[in-house]
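The values are calculated or read from the model by the stated rules, or taken from the named source; none is laboratory data. Only a predicted model underlies this, so the values are computations on that prediction, with no experimental measurement involved. Positions of Cβ are backbone-derived with ideal geometry, glycine not excepted, and every protein chain shown enters the neighbour counts.
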Amino acid sequence: MRPTVLCFSGLDPSGGAGLQADIESIGQSGAHAAIACTALTIQNSQQVFGFEATSKELLLAQANAVVVDLPIKCVKSGMLGTTENIAALAQFLREHPDYQYVLDPVLVANSGGSLGDQATLVKAFVELIPLATVITPNTVELRALTGLDNIEDATQKLFDMGAQAILVKGGHEATPDHIHNQLFIKGELVAESTCPRLEGEYHGSGCSLASYIAGRLALGDDLKIAVQHAEVWLFDVLKQAEMPAPNGQKIPKRFKVEV
Ligand code: PLP
């Protein structure tokens, strides 16, 4: 049985983000994806219309059911929806200290729609931050989590809060022709990458990157190598992304389909 990543993530009916992004990305990384579903969202590639979060009891029951029969090596979380679900995940992680954990601190959809009450989610994330092998915020999430504008100050604040490693994704910065990512481990900048900025907006790019990293960690890569693999893979997947509707965001094509 392939090493397994257990994802705590929400269903996005468009198939671009959320648990479908996780399943496809982890499958492509070579690992197996299992899902504890945190919420059912109502959205397409253009807009979020609402969501209903899973109760913490149902969430933990899903996770505990697979713990006993799958070789889980890593946990990955995306949309968690409620502070109760965040606390439940923290409890689950404390019960399984041998699992690696990729925390993608999802606060809003790329289309701008709400995936939970941002102020309360930010406060609750404090409990998850020290439990994560790596946190993967974009710069909007980094600023929201810390209340600080400067990237170095904000990453330092997350380290002060107990973070072990942080991948800061630069896709939301005003760099018109490129995207710059930075990986910090224990307060030190250990890797940087720059890729050309592709045209358009993408639905599920963050989920895909975090999940692929989780898959590679589950397979035994060290963090720096896992991030490198994931960035190269994601760039390819975004290059072949498809536009579902004129006003939509592009949906990453995570499978190489030869026709
Ligand atoms: N999880 C769910 C269920 C979502 O709907 C979204 C965005 O729409 C995300 C996570 C985050 O998506 P992205 O990878 O675009 O940041």
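Structural remarks
- Only a single item in (1) within 18 Å of Gly206 (Cβ to Cβ); (2) of a type in the set (A, V, I, L, M, F, W, C); (3) in contact (Cβ under 8 Å) with a residue 40 or more places away in the chain is not met by Val67, and it is number (1).
- Here Glu84 meets each of (1) away from the ligand (no atom under 16 Å from the Cβ); (2) over 26 Å from Gly113 (Cβ atoms) with one exception, condition (2).
- Looking only at residues in the range 124-140 that are touching a strand residue (DSSP E or B) at 6+ places or on another chain (Cβ under 9 Å) and in a helix (DSSP H, G or I), the one that is surrounded by the most Cβ atoms within 10 Å (Cβ to Cβ) is Phe125.
- Subset tally (residues that are closer than 17 Å to Ile35 by Cβ, within 9 Å of the ligand (Cβ to nearest atom) and among the aliphatic types (A, V, I, L, M)) for the range 199-218: 1
- Within the range 96-123, the residues that satisfy the criterion of being under 19 Å from Thr83 (Cβ atoms) and away from the ligand (no atom under 16 Å from the Cβ) are Tyr101, Ala119, Thr120, Lys123.
- Residue match in the range 156-170 (condition: within 16 Å of the ligand (Cβ to nearest atom) and at pLDDT below 95): yes
- Considering Asn44, Asn64, the condition of being closer than 13 Å to Gly18 by Cα, among the polar types (S, T, N, Q) and surrounded by fewer than 23 Cβ atoms within 10 Å (Cβ to Cβ) is satisfied by Asn44 alone.
- Residue ID - surrounded by the fewest Cβ atoms within 10 Å (Cβ to Cβ), chosen from residues in the range 79-98 that are closer than 19 Å to Ala34 by Cβ and either acidic (Asp, Glu) or in contact with a Phe, Trp or Tyr (Cβ under 7 Å, 6 or more places away or on another chain) (or both): Asp98
- Residues that are among the aliphatic types (A, V, I, L, M), more than 8 Å from the ligand (Cβ to nearest atom) and within 15 Å of Met79 (Cβ to Cβ) within the range 7-53 comprise Ile23, Ile35, Ala36, Leu40, Ile42, Ala53, listed in sequence order.
- Enumerated strands (runs of 3 or more DSSP E) restricted to the range 1-106, each holding at least 3 residues that are more than 18 Å from the chain's Cα centre (by Cα): 48-53
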